[in-house]
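**Q** The structure that follows is given in the form of structure tokens.
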Amino acid sequence: MMKTTSTTNTPVTLDKHHAASNISDRIALGITLALRFFADTFFAKRYGNRAIVLETVAAVPGMVGGMLVHLRCLRWMVDDHGWIRTLLEEADNERMHLMTFVEIAKPSWFERMVILLVQALFFIFFFLLYLTTPRTAHRLVGYFEEQAVISYTLYLAEIDAGRVENVPAPQIAIDYWKLPVSAKLRDVVLVVREDETGHRDVNHHFANALNAEATSTHSA
């Protein structure tokens, strides 16, 4: 399925899925589907609140990955081939998603405490995962982003059906994505979904590169 965003006119593939081809992929996919089940159970169709928790988790991998790649490159005195900047830009982009949806959904103090707990637990988990197997870590993020694209597509459907009010876009989103001053929530969800497709593709690409590297090392 190809869609074109209203802001960039760039075709975006929404339903791209990386088929699990090895144990690393299957572990990453299993974790993703388990977390999706809990998100569906806890948030149901409260997509604004779901987005807040989703983005506070999504902002962690880029920073963790960028930091660990940076340290590895320092240790071994090798080039990063652009990975560090890409991962840190991803982390910053996801942070802006979070700040935008905080303005839209106005989380309660309880939800803010949940965010703190989820972020702390996920940081520890992802840090250890990246130290152990960067390939699985990037594949996990790729699958996370596949689910994010699905969630934002469902969010759009709720807006289009009138079940979620298409409120004005917050100023932080207008400034960051350079949206028109008349932009609405629907415009914000469109550009956020487009960002997520990019993160999806980048992380699957990184996982594929690490998988190819591991395969060539074992066959040498």
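**Q** Determine, yes or no, whether ALA214 is over 16 Å from GLU94 (Cα atoms) and open to solvent by less than 20 Å² (accessible area, probe 1.4 Å).
**A** Here the answer is no, as ALA214 does not meet what is asked.
**Q** Looking at ALA51, ALA34, ALA120, ALA105, which is the one that is more than 16 Å from ALA148 (Cβ to Cβ) and at pLDDT below 95?
**A** Matching residue, one of ALA51, ALA34, ALA120, ALA105: ALA120.
**Q** So which residues in the stretch 19-71 are basic (Lys, Arg) and assigned to a helix (DSSP H, G or I), if there are any at all?
**A** ARG26, ARG36, ARG50
**Q** Residue by residue through the stretch 36-58, note down the ones that are farther than 22 Å from ARG163 by Cβ and in contact (Cβ under 8 Å) with a residue 40 or more places away in the chain.
**A** THR56, VAL57, ALA58
**Q** Kindly indicate the residue of the stretch 67-97 that is touching a residue at least 60 places away in the same chain (Cβ under 8 Å) and more than 20 Å from LEU128 (Cα to Cα) and also farthest from the chain's Cα centre (by Cα) among those meeting that condition.
**A** Ranking the qualifying residues of the stretch 67-97, first place goes to THR86.
**Q** Tell me, please, whether a residue that is within 30 Å of ALA20 (Cα to Cα), in contact (Cβ under 8 Å) with a residue 40 or more places away in the chain and open to solvent by less than 40 Å² (accessible area, probe 1.4 Å) can be found in the stretch 158-167.
**A** No, the stretch 158-167 has no match at all.
The values are calculated or read from the model by the stated rules, or taken from the named source; none is laboratory data. Remember, predicted model here, so these are calculated numbers, not experimental data. For neighbour counting, all protein chains shown are included, and Cβ atoms are generated from backbone atoms with ideal geometry for every residue, glycine included. To get the accessible areas, we keep the full protein, side chains included, count just its heavy atoms, and leave off ligands, DNA and RNA. Shrake-Rupley method; radii C 1.70, N 1.55, O 1.52, S 1.80 Å.
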